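First the structure, in the form of structure tokens, and then the observations on it.
The values are calculated or read from the model by the stated rules, or taken from the named source; none is laboratory data. All values derive from a computational prediction rather than experimental measurement. Just so you know, the surface numbers come from the protein's heavy atoms only, side chains and all, with ligands and any DNA or RNA stripped out. Shrake-Rupley method; radii C 1.70, N 1.55, O 1.52, S 1.80 Å.
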Amino acid sequence: LPPAVLLKDMKLMDVKLGQLPSWLAMRDFTPGGILRGIRRGYDRYYNKYINVKKGGLGGISMVLAGYVVISYIWSYSHL
């Protein structure tokens, strides 16, 4: 058997549905905690798609597609 992992150290994909409320209660929802989470996500995205030895258009095209969607939503306020 693999060593047991504490619930607070589990990734969201590894949490079972019954454990979700207690897992969410252990998260840090302070402004600093939210900023750290955003920073971790940005670093993960940057290292996976931008900071690679042999790059492609995948990461930059995803950012561009996100910009297009957000600008479309901002243009049509009734959505």
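Divide by every residue of the chain the summed helix terms, -39500 (n - 2.57) for each DSSP H run of at least 4, and state the resulting mean residue ellipticity at 222 nm, rounded to the nearest 500 deg cm²/dmol.
Calculated mean residue ellipticity at 222 nm is -15500 deg cm²/dmol.
Might you work out the accessible area of S75 for me, using a 1.4 Å probe with all protein chains in place, and round it to the nearest 10 Å²?
90 Å²
Output the 0 to 90 degree angle, nearest 10, between the alpha-carbon long axis of helix 31-45 and the longest principal axis computed from the alpha carbons of the chain.
That helix lies at roughly 70 degrees to the long axis.
Tell me the carbon and sulfur percent of the accessible area for segment 1-48, rounded to whole percent, probe radius 1.4 Å.
66 percent
When a/c is below 1.5 the answer is rounded, else prolate if a/b is larger than b/c, else oblate, so apply that to the chain with a ≥ b ≥ c taken from the square roots of the Cα gyration tensor eigenvalues.
In terms of gyration-tensor shape, oblate.
Quick check on segment 1-41: take the gyration tensor over C-alpha atoms, sort the square-rooted eigenvalues as a ≥ b ≥ c, and tell me if it's rounded (a/c under 1.5), prolate or oblate.
prolate
Can you give me the angle between helix 58-75 and the longest principal axis of the chain, using Cα atoms only, in degrees from 0 to 90, rounded to the nearest 10?
70 degrees
Whole number in Å², please: accessible area per residue of segment 7-77, 1.4 Å probe, ligands, DNA and RNA not counted.
Per residue, segment 7-77 has 90 Å² of solvent-accessible surface.
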